[in-house]
Structure formats: structure tokens, C-alpha cells
Amino acid sequence: MAMPTSHDVPPDDGSPDDGPGPASPPAGQEVEAEAIGVGRSIAEWVGGIAGAVLIALVVKTFLIQAFFIPSGSMEPTLYENDRVLVNKVSYRLHDIRRSDVVVFESPAYQPGSQVKDLIKRVVALPGEKVAFDKGAVLINGVVLEEPYLPAGTQTREAARDMAWQGQQCTVTVPCTIPADSVWVMGDNRSNSQDSRYIGPVKDDLVVGRASVIVWPPSRVGGL
């Protein structure tokens, strides 16, 4: 009877025999898996950025947009280079209201001009008659109270050669606001090219209502 040799029986080291361990994937497969992971991360980043840009475009186009103030025509309510947020939804929910501060496309805008959008305050509404007398604004013959103006502010009519269609909007010959328009004026009445010069602004030119100052930080607040 032949005795087993060292070649027939493996040495017993006390550990169970579980068979061969898991095989490591070839190096090429590891690189491929890494590439897939990196590609997925890039795709997620690109998708996230694209989504954020899309949301920003929707908000800017339909909801809220920031505008800078191009001149001093609204002082002291707004100063040149202030930034305001404009609510584009307001006038889909209700009509334009007197004393609202609105941004609108300039009726006199010309290609090449650097100021396409203007900002003024609504003073008169569709169908009303506006006139100027002794430094005051009259709406349908009644003096308009304007608490947003500095005390002593005088509002004068435009010179005839600069007035809208030559109309100076006097007590005897007031200007009537068309049904689809509003009359706007800057709070800086002595330095504002407003409806006294460019005429009433059509509703469809109104971008929205300026609701809050967002810059500079020292002037942040509602309008």
C-alpha cells in the first residue's frame, strides 16, 4: 500500500478551504468603469447648470427682472445707477395703478440708443384729463396730492415747442389720456423727459412695476 506523499496531500495550515477567491477585473475594465463615473458626474453638472440657466431665463422673461436707473429723473426716490427689481406679473393680475413706479419701453426709442427702458411714476390713468396750474398737477380738475415728492416741488408744463403734440396740458386745454395708455412723470419734475414731452405710454409698452431697490445696500427697500 503506497503512502501518500507531499505531492498528494496539501499541507494543513488550519484554515478552511474556501476555494479560489474572487478574480480581480482586468485593468482595462477598471479604467472603463472610472471613465463612466467621471462622464456621469460631468453630465450631472452640465444638466444642473442648464436647468439653473433655464429657470433664470424663465424668471427674467416672465416674473422678475433687475433694472438699473439710467438717469436722475426719479430723484430723490431713485438715484442714477440704483438697481431695482421689476415685477412683471402684477399687471396680469390687476390694472396699472396711480403712483406705481413702472418700467416701460421708451415710445421714442431709436435703434442705437443706449437707453431702451425708462422708469417713471404713473400720474394719470386711462380716460382722465391732466393739466398743470401754479406748479401743481390737476387730474380731472382736482389738485393731485403727491406725498412722494419733496415739499415745495413745482410741476410745470413743457414748452410748446417741446410738448407732446404741442399740447401743454393747461387748465383751459387739458390733455386727455387715451383708453389704452397712462400718463407718467419723473419725481424729479424739473429734470424729467416724461409724458409732458413723449406723451402717454401705451399699456403694452409697460414692462412691469418696480417693487424694491436692491442696490446699493444702503438703499435697499420697497417702493
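The values are calculated or read from the model by the stated rules, or taken from the named source; none is laboratory data. Computed from a prediction, not measured in an experiment: that's the story for all the values here. Because the Cβ atoms are built from the backbone with ideal geometry, glycine has one as well, and the counts that use them run over all protein chains shown.
Given the options Asp133, Asp95, name the one that is acidic (Asp, Glu) and surrounded by 15 or more Cβ atoms within 10 Å (Cβ to Cβ).
Being acidic (Asp, Glu) and surrounded by 15 or more Cβ atoms within 10 Å (Cβ to Cβ) holds for just one of Asp133, Asp95, which is Asp133.
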Is there any pair linking a residue in the range 200-222 that is without any contact (Cβ under 8 Å) to a residue 12 or more places away in the chain to one that is crowded, with 20+ Cβ neighbours inside 10 Å and not in a helix (DSSP H, G or I), with Cβ under 8 Å and at least six apart or on different chains, and which? Val220/Ile213; Gly221/Ile213; Gly222/Ile213
What are the pairs with Cβ atoms under 8 angstrom where one residue, in the range 160-174, is within 15 Å of Ala124 (Cβ to Cβ) and the other, located anywhere, is among the basic types (Lys, Arg) and not in a loop (DSSP other than H, G, I, E, B)? Sequence gap at least six, or different chains. Trp164/Arg196; Cys169/Arg196; Pro174/Lys129
Looking at (1) at pLDDT 95 or above; (2) exposed (fewer than 15 other Cβ atoms within 10 Å of the Cβ), find the lone condition where Asp187 falls short. (2)
Go through the range 82-133 and give me each residue that's polar (S, T, N, Q), more than 19 Å from the chain's Cα centre (by Cα) and modelled with pLDDT under 90. Gln110, Ser113
Quick one: is Trp215 touching a Ser or Thr at 6+ places or on another chain (Cβ under 9 Å) and closer than 26 Å to Phe67 by Cβ? no
I'd like the full set of residues that are in contact with a Phe, Trp or Tyr (Cβ under 9 Å, 6 or more places away or on another chain) and outside any loop (DSSP other than H, G, I, E, B), limited to the range 157-173. Trp164
Quick check on the range 178-187. Is at least one of its residues among the polar types (S, T, N, Q), under 15 Å from Ala124 (Cβ atoms) and either under 30 Å from the mean Cα position of the chain (by Cα) or not in a strand (DSSP E or B) (or both)? yes
For Leu223, indicate whether it is buried (at least 20 other Cβ atoms within 10 Å of the Cβ), at pLDDT below 95 and hydrophobic (A, V, I, L, M, F, W, C). no
